[in-house]
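The values are calculated or read from the model by the stated rules, or taken from the named source; none is laboratory data. All values reported here derive from a predicted model rather than from experimental measurement. Cβ atoms come from the backbone with ideal geometry, glycine included; neighbour counts cover every protein chain shown.
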Amino acid sequence: MAGGAPVTAPLSFYSPADSWLHRLDPRPKLWFSLLGVLICVLTTRTVVLIGVLALTHAVLLAGRQPPRSLVRLWRAMLPILVMILVLQPLLAPGEGPDLWRVGPVRLTEAGLLTGLHYALRVAAGAFVASLPVMTTPVNTLVYGLHKAGLPYSWGMAIGLALRYLGTVGELYTTISEAQQARGLSFSRGGIVKRVRAAAPTLIALIIASLRLSDSLALGLAARGYGLKRQRTYWRNISMRPVDWLAVAVITLAFAGMLPFLR
């Protein structure tokens, strides 16, 4: 993977744009993600998670990231967030008076607040981690990971995973639509029947994914990938003064949150 046009997938979250955020070196954005995820994991205060989520949205929108890509990520996370909001208060209600109770199942204010906290932690962590992916082409992201000290093979693996995640999703959509056109229904019957109906689609998806990985391996071998340990690049990246300024601003912004973590 040596330069060229930005690599995007049909279902990729990356949106090309000519903005200061897209022009930044990938390393400041990776630094933003690392610090943001650490803050989300370490904090016990919901207001900090709301602050991280708001800061990430503000940075993305200021960087001319299309709002539809933010909405798409919210939609992708919605089932997980709803599951957390529903199950956490019921399975771990915590202390305090009952707001609702049926037999052993009880609901408390503490349980609801804990569920909200965990849902916000997942949402904030997902948006913070997605910022580099949303604003950086996959090939440039691989360069950034390698320049940050990650072995090139690891960066390549991460880049390929990001690249083909959308391709596999597109394959699933194509296969399921083709099978529904032949009379297969995923909406009839109970849960067991629906799972059985989805089995042919999953089998076809696995076979198509194996073929895709085989073609990818042949393509990499044909291009001599792995023959030389020393990598060469058609287009290289380097930190500019504005990138170092971004690193400093990001560090100060998250350092300002440290007193409020607990």
**Message:** If Ala204 satisfies all but one of (1) under 22 Å from Tyr164 (Cα atoms); (2) surrounded by 13 or more Cβ atoms within 10 Å (Cβ to Cβ); (3) at pLDDT below 80, what's the number of the condition it fails?
**Reply:** (3)
**Prompt:** Among Thr135, Thr174, which is the only one that is of a type in the set (S, T, N, Q) and in contact with a His (Cβ under 6 Å, 6 or more places away or on another chain)?
**Reply:** Thr135
**Message:** Among the numbered criteria (1) more than 18 Å from Phe254 (Cα to Cα); (2) of a type in the set (A, V, I, L, M, F, W, C); (3) modelled with pLDDT of 90 or more, which one does Ala17 miss?
**Reply:** (3)
**Request:** Evaluate segment 150-160: report whether one residue or more is of a type outside the set (D, E, K, R) and touching a Lys or Arg at 6+ places or on another chain (Cβ under 7 Å).
**Result:** yes
**Message:** Would you confirm whether or not segment 241-254 contains a residue that is part of a helix (DSSP H, G or I), surrounded by 11 or more Cβ atoms within 10 Å (Cβ to Cβ) and modelled with pLDDT under 85?
**Reply:** no
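Yes or no, residue by residue, for (1) over 30 Å from Gly159 (Cα atoms); (2) buried (at least 17 other Cβ atoms within 10 Å of the Cβ); (3) under 15 Å from the mean Cα position of the chain (by Cα); (4) of a type in the set (A, V, I, L, M, F, W, C):
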{"site": "Trp31", "(1), (2), (3), (4)": "no, yes, no, yes"}
{"site": "Gly36", "(1), (2), (3), (4)": "no, yes, yes, no"}
{"site": "Leu55", "(1), (2), (3), (4)": "no, yes, no, yes"}
{"site": "Arg72", "(1), (2), (3), (4)": "no, no, yes, no"}
{"site": "Pro97", "(1), (2), (3), (4)": "yes, no, no, no"}
{"site": "Arg101", "(1), (2), (3), (4)": "yes, no, no, no"}
{"site": "Thr108", "(1), (2), (3), (4)": "yes, yes, no, no"}
{"site": "Val128", "(1), (2), (3), (4)": "no, yes, yes, yes"}
{"site": "Thr136", "(1), (2), (3), (4)": "no, yes, yes, no"}
**Item:** Scope segment 74-111; condition under 21 Å from Ala124 (Cα atoms) and of a type in the set (D, E, K, R); matching residues
**Value:** Arg75
**Request:** Take segment 125-153 and flag every residue that is at pLDDT below 85, within 21 Å of Leu212 (Cβ to Cβ) and not small (Gly, Ala, Ser).
**Result:** Val138, Asn139, Val142
**Message:** Here is a check on your reading of the model: is Tyr172 in a helix (DSSP H, G or I), touching a residue at least 40 places away in the same chain (Cβ under 8 Å) and of a type in the set (Ser, Thr, Tyr)?
**Reply:** no
**Complete:** When segment 86-115 is checked residue by residue, the ones that are outside any helix (DSSP H, G or I), aliphatic (A, V, I, L, M) and in contact with a helix residue (DSSP H, G or I) (Cβ under 9 Å, 6 or more places away or on another chain) are Ala92, Leu99, Val105, Leu107
**Request:** Please specify each residue of segment 95-136 satisfying the condition of being touching a Gly at 6+ places or on another chain (Cβ under 7 Å) and of a type in the set (Gly, Ala, Ser).
**Result:** Ala110, Gly111
